[in-house]
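First up is the structure itself, then whatever we jot down about it.
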Amino acid sequence: MSSDQPAGNFQSVLDEQRVFAPSPAFVDKARVNADALAALRAEAAADSVGFWSRLAREHISWQTPFTVGLDDSAAPNYRWFTDGRTNASANCLDRHLGALGDKPAIRFEGEAGDVRIWTYRQLHAEVCKLANGLKSLGIGKGDRVVIYMPHTAEAVIAMQACARIGAVHSVVFGGFSASSLRDRIEDAGARLLITADGGRRGGNIVELKKAADEALDGACKSIEHVIVFQRTGHPVQWNDKLDLWWHDVLATQPAQCDPEWVEAEHPLFLLYTSGSTGKPKGIQHSTGGYLVNATVSCQWVFDLQGSDVFWCTADIGWITGHSYVTYGPLANGATILIYEGAPTVPDAGRFWKIIQDHKVTIFYTAPTAIRALMRLGDEWPAQYDLSSLRLLGSVGEPINPEAWMWYHRVVGKERLPIVDTWWQTETGAIMMSPIPGATPTKPGSCTQPLPGIFVEVVDEAGTPIQGNNVGGYLVITKPWPSMLRTIWGDNARYIKTYWEQFGNQYYVAGDSTHRDDDGYYWILGRTDDVLNVSGHRLGTMEVESALVSHPRVAEAAVVGRPHEVKGEAVFAFVTVRGKRPEGDEAVALAKELRDHVAKQIGAIAKPDDIRFADNLPKTRSGKIMRRLLRSIAKGEEITSDTSTLENPGIVAQLQGKG
Ligand code: 6R9
């Protein structure tokens with residue numbers, strides 16, 4: 001990374017001059033307006049530990065109040081609120097039973113259109129029954145439970161039941177293969193697996209039980225029981241020694257289960273995430289600190305209020321599904337929406353129909369979904385009444401200004417705030433985002449850190465770069481309550497991955513960023529996604545953004561390919577609107593796109609190679625698999641496992657073989 005002022009190569013995002021101020025109508029009713037935000041920032045700047053301690057006391061119910069704010073005696077293994085005791089499930093359920101017992105906690109819609117609603121009282125009863133069932137199987141505090149479920153309300157119930165008894169859940173996304181599931185069960189040493197006969201997606205049954213059987217076949221010796229939720233009713237293999245039906249486990253259990261009060265630092269969950277090298281890391285989160293950021297960020301960023309219907313489209317298998325489906329909104333007593341299926345079943349209007357039918361007020365999704373919906377055409381959202389919406393959010397990757405503008409214009413009708421939220425599995429909760437009633441937004445920028453979060457841009461040597469209009473490594477300089485505590489079973493890797501690079505001073509996020517003239521942050525991508533072309537630094541994202549601004553381009557992914565003269569050359573994979581070009585048409589369009597990029601950014605960014613495909617290789621969470629694209633760009637043999645891709649068939653086409 002260079003500490004220099006960005007040269008012409010950052011221009012595609014820096015040329016983005018549009019600014020959207022919060023509307024007076026929104027500001028009037030907002031939980032946090034500009035004055036309130038300034039007060040929060042001032043309080044946090046004066047004493048960040050005191051600030052978080054106050055919020056922890058005000059927004060979380062403690063069975064034993066804490067007296068210690070931050071314990072940094074074992075830094076960088078920071079600990080928060082260490083002498084306090086609490087329970088995540090009690091915070092999400094029990095404390096709402098008085099005033100909100102009859103309020104819907106979950107509105108669930110299946111892919112086939114089946115709708116079911118759980119009030120807080122009903123959800124509490126189900127969670128208690130399952131929690132008692134787990135106890136009857138000998139599961140208790142500290143035991144690991146792997147959850148491999150479809151995106152249904154029962155997945156939330158399973159997480160809450162674990163939290164209730166102090167068991168540590170580790171949710172494995174239902175799209176992961178049997179071998180990924182096996183690796184995670186073994187690394188976690190789980191005693192119990194909770195799964196389902198299957199899930200429904202894209203008109204098909206996802207064979208979860210079958211994959212679970214395969215994962216356990218001759219392996220995962222720590223597993224003592226498998227609880228199987230019946231979702232589809234299709235026949236599954238049964239192992240009498242291990243398997244139990246969910247409904248049988250619950251049938252005999254009372255609907256009351258006292259929460260297990262755990263220390264604030266007791267692990268609430270592990271969530272496996274891939275690093276740049278090696279096997280997936282089990283990111284370990286705490287109970288107390290995690291809950292504080294998950295709860296408070298919902299109020300600040302989503303302006304969550306009593307009447308909201310909050311739809312975060314993320315699957316329960318990702319951190320976004322943990323913090324903004326299960327824990328944050330429920331701790332706030334909100335109504336959440338869960339939709340099990342694919343966005344295009346039975347047609348491209350499904351998301352918009354769900355928003356209309358359930359009167360969704362807050363919609364939080366990923367840029368990849370926004371681009372896919374954009375590609376399907378404006379006529380789909382136009383057919384539905386989206387007037388219930390009052391706030392839009394984005395998470396997971398940089399959102400290119402074109403997609404942001406489409407979201408703003410077509411979904412937000414130029415009236416709704418958009419919060420572009422930057423954070424990571426490791427941070428537990430949102431770190432940077434606009435505050436919708438206070439922060440003017442710019443398309444493509446996550447704007448500024450939340451109160452109590454302190455970031456810097458540092459150079460190669462770890463020295464903070466002062467002033468604005470600078471770029472470098474993004475680091476977080478002060479501990480915050482929901483930070484990861486360690487990597488399960490490998491604290492040395494925790495320190496090496498997140499701290500060592502700059503002498504254990506800062507949390508190293510692994511992203512590069514640019515801070516513009518107004519002090520706004522623009523995430524340029526992972527540090528491993530930065531290209532160096534003839535000594536010039538290029539963000540893959542800005543080349544992609546330039547490509548996508550061409551009317552024919554739907555989506556683009558750019559990677560570096562080693563080049564004898566330039567060091568690295570730009571290689572672009574492109575999907576187009578309409579039919580994929582072939583032959584002369586492809587040659588002509590590639591030239592047009594090169595010239596277009598040259599015009600947008602400069603000749604230096606011109607892709608040397610452009611390959612057209614019907615689709616890009618994506619993980620099930622919608623992230624483009626750049627590692628795979630880099631291998632393809634280099635012409636390497638693909639030996640890595642591509643089974644976790646949303647669309648494994650696309651690999652041959654990307655290699656130019658299809
Ligand atoms: C929450 C989540 C983390 C990585 C992160 C960054 C990218 C997430 C972003 C964003 C730009 C945003 N990322 N949000 N980049 N703008 N608003 O996605 O966690 O799956 O661990 O991914 O995603 O590169 O480092 P996770």
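Going through Glu43, Glu58 one at a time, which residue ends up being among the acidic types (Asp, Glu) and surrounded by 16 or more Cβ atoms within 10 Å (Cβ to Cβ)? Lay out the reasoning, then the answer.
On the way: Glu58 fails: surrounded by 16 or more Cβ atoms within 10 Å (Cβ to Cβ).
Result of the check over Glu43, Glu58: Glu43.
Need a quick list: strands (runs of 3 or more DSSP E) entirely within segment 270-339 having at least 3 residues that are within 16 Å of the chain's Cα centre (by Cα) and closer than 30 Å to Asp143 by Cβ. So that I can check it myself, show each step before the final result.
Details: elements: 281-285, 309-312, 335-339.
Once the strands (runs of 3 or more DSSP E) in segment 270-339 are filtered for at least 3 residues that are within 16 Å of the chain's Cα centre (by Cα) and closer than 30 Å to Asp143 by Cβ, what remains is 281-285.
Exactly one of (1) touching a Gly at 6+ places or on another chain (Cβ under 6 Å); (2) buried (at least 23 other Cβ atoms within 10 Å of the Cβ); (3) of a type outside the set (Val, Ile, Thr) is unmet by Ser394. Its number?
So Ser394 meets the others, but not (1).
Just one of the numbered conditions (1) under 29 Å from Ser177 (Cα atoms); (2) outside any loop (DSSP other than H, G, I, E, B); (3) at pLDDT 95 or above is not true of Asp240; which one?
The one condition Asp240 does not meet is (2).
I'd like the residue in segment 509-538 that is at negative phi, over 18 Å from the mean Cα position of the chain (by Cα) and at pLDDT 90 or above and, out of all such residues, is farthest from the ligand (Cβ to nearest atom).
Asp517
What is the one condition in (1) under 13 Å from Val543 (Cβ atoms); (2) within 16 Å of the ligand (Cβ to nearest atom); (3) of a type in the set (D, E, K, R) that Lys623 does not satisfy?
Only one criterion in (1) under 13 Å from Val543 (Cβ atoms); (2) within 16 Å of the ligand (Cβ to nearest atom); (3) of a type in the set (D, E, K, R) is unmet by Lys623, namely (1).
Just the residues that are without any contact (Cβ under 8 Å) to a residue 40 or more places away in the chain and either outside any helix (DSSP H, G or I) or aromatic (Phe, Trp, Tyr) (or both), please, taken from segment 351-372.
Matches in segment 351-372: Phe351, Trp352.
Could you go through segment 112-119 and let me know if any residue there is surrounded by 16 or more Cβ atoms within 10 Å (Cβ to Cβ) and not in a strand (DSSP E or B). Don't jump to the end; show me each part of the working.
Quick first cut of segment 112-119, residues surrounded by 16 or more Cβ atoms within 10 Å (Cβ to Cβ) only: 118-119.
From what is left, the residues that are not in a strand (DSSP E or B) are none.
No: zero hits.
Conditions (1) touching a Phe, Trp or Tyr at 6+ places or on another chain (Cβ under 9 Å); (2) buried (at least 20 other Cβ atoms within 10 Å of the Cβ), marked per residue:
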{"residue": "Val570", "(1), (2)": "no, yes"}
{"residue": "Asp584", "(1), (2)": "no, no"}
{"residue": "Val587", "(1), (2)": "no, no"}
{"residue": "Ile601", "(1), (2)": "yes, yes"}
{"residue": "Pro607", "(1), (2)": "yes, yes"}
{"residue": "Ala613", "(1), (2)": "yes, yes"}
{"residue": "Arg626", "(1), (2)": "no, yes"}
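Taking the condition among the small types (Gly, Ala, Ser), outside any helix (DSSP H, G or I) and touching a residue at least 24 places away in the same chain (Cβ under 8 Å), does Ala348 pass? Spell out the reasoning first.
Details: among the small types (Gly, Ala, Ser): yes; outside any helix (DSSP H, G or I): yes; touching a residue at least 24 places away in the same chain (Cβ under 8 Å): yes.
So Ala348 passes the test.
Filtering segment 395-406 down to residues that are more than 6 Å from the ligand (Cβ to nearest atom) and outside any helix (DSSP H, G or I), which residue is modelled with the highest pLDDT? Quick ask: steps written out before the conclusion?
Step one: of segment 395-406, the residues more than 6 Å from the ligand (Cβ to nearest atom) are 399-406.
Going one step further and asking which of them are outside any helix (DSSP H, G or I), we end up with 399-400.
Values: Ile399: 87, Asn400: 84.
Looking at the filtered set, the residue picked out is Ile399.
Hey, among Arg375, Arg409, Arg415, which residue is away from the ligand (no atom under 16 Å from the Cβ), outside any loop (DSSP other than H, G, I, E, B) and either outside the structural domain of Arg350 (by the TED database) or modelled with pLDDT of 95 or more (or both)? Don't jump to the end; show me each part of the working.
Details: Arg375 fails: either outside the structural domain of Arg350 (by the TED database) or modelled with pLDDT of 95 or more (or both); Arg415 fails: outside any loop (DSSP other than H, G, I, E, B).
Result: Arg409 is the single residue among Arg375, Arg409, Arg415 that is away from the ligand (no atom under 16 Å from the Cβ), outside any loop (DSSP other than H, G, I, E, B) and either outside the structural domain of Arg350 (by the TED database) or modelled with pLDDT of 95 or more (or both).
Considering only segment 240-256, state which residues are surrounded by 13 or more Cβ atoms within 10 Å (Cβ to Cβ), more than 22 Å from Phe108 (Cα to Cα) and touching a helix residue (DSSP H, G or I) at 6+ places or on another chain (Cβ under 7 Å).
Val249, Gln253 - these are the residues of segment 240-256 that are surrounded by 13 or more Cβ atoms within 10 Å (Cβ to Cβ), more than 22 Å from Phe108 (Cα to Cα) and touching a helix residue (DSSP H, G or I) at 6+ places or on another chain (Cβ under 7 Å).
Can you name the number of the only condition in (1) more than 29 Å from Pro267 (Cα to Cα); (2) assigned to a strand (DSSP E or B); (3) more than 14 Å from the ligand (Cβ to nearest atom) that Tyr384 fails?
Of (1) more than 29 Å from Pro267 (Cα to Cα); (2) assigned to a strand (DSSP E or B); (3) more than 14 Å from the ligand (Cβ to nearest atom), only one is false for Tyr384: (2).
Being free of Cβ contacts under 8 Å to residues at least 12 places away in the same chain, more than 30 Å from Glu126 (Cα to Cα) and outside any loop (DSSP other than H, G, I, E, B) is the filter here, so list the residues in segment 43-95 that pass it. Can you show your working first?
Taking segment 43-95 and keeping what is free of Cβ contacts under 8 Å to residues at least 12 places away in the same chain, we get 45-47, 54, 57-58, 71, 73-74.
Narrowing further to those that are more than 30 Å from Glu126 (Cα to Cα): 45-47, 54, 71, 73-74.
Those that are free of Cβ contacts under 8 Å to residues at least 12 places away in the same chain, more than 30 Å from Glu126 (Cα to Cα) and outside any loop (DSSP other than H, G, I, E, B): Ala45, Ala46, Arg54, Asp71.
Return a yes/no flag: does segment 569-578 have any residue that is within 30 Å of Gln466 (Cβ to Cβ) and either at pLDDT 85 or above or away from the ligand (no atom under 16 Å from the Cβ) (or both). Before you say what the answer is, go through the steps one by one.
Going through segment 569-578, the residues within 30 Å of Gln466 (Cβ to Cβ) turn out to be none.
No, the conditions are met nowhere in segment 569-578.
Identify the single condition in (1) touching a Leu at 6+ places or on another chain (Cβ under 7 Å); (2) over 15 Å from Tyr520 (Cβ atoms); (3) away from the ligand (no atom under 15 Å from the Cβ) that Ile430 does not satisfy, given that it satisfies every other one.
(3)
The values are calculated or read from the model by the stated rules, or taken from the named source; none is laboratory data. Not measured: the values here are computed from a predicted model. In this analysis, Cβ positions are derived from the backbone assuming ideal geometry, glycine residues included, and neighbour counts consider all displayed protein chains.
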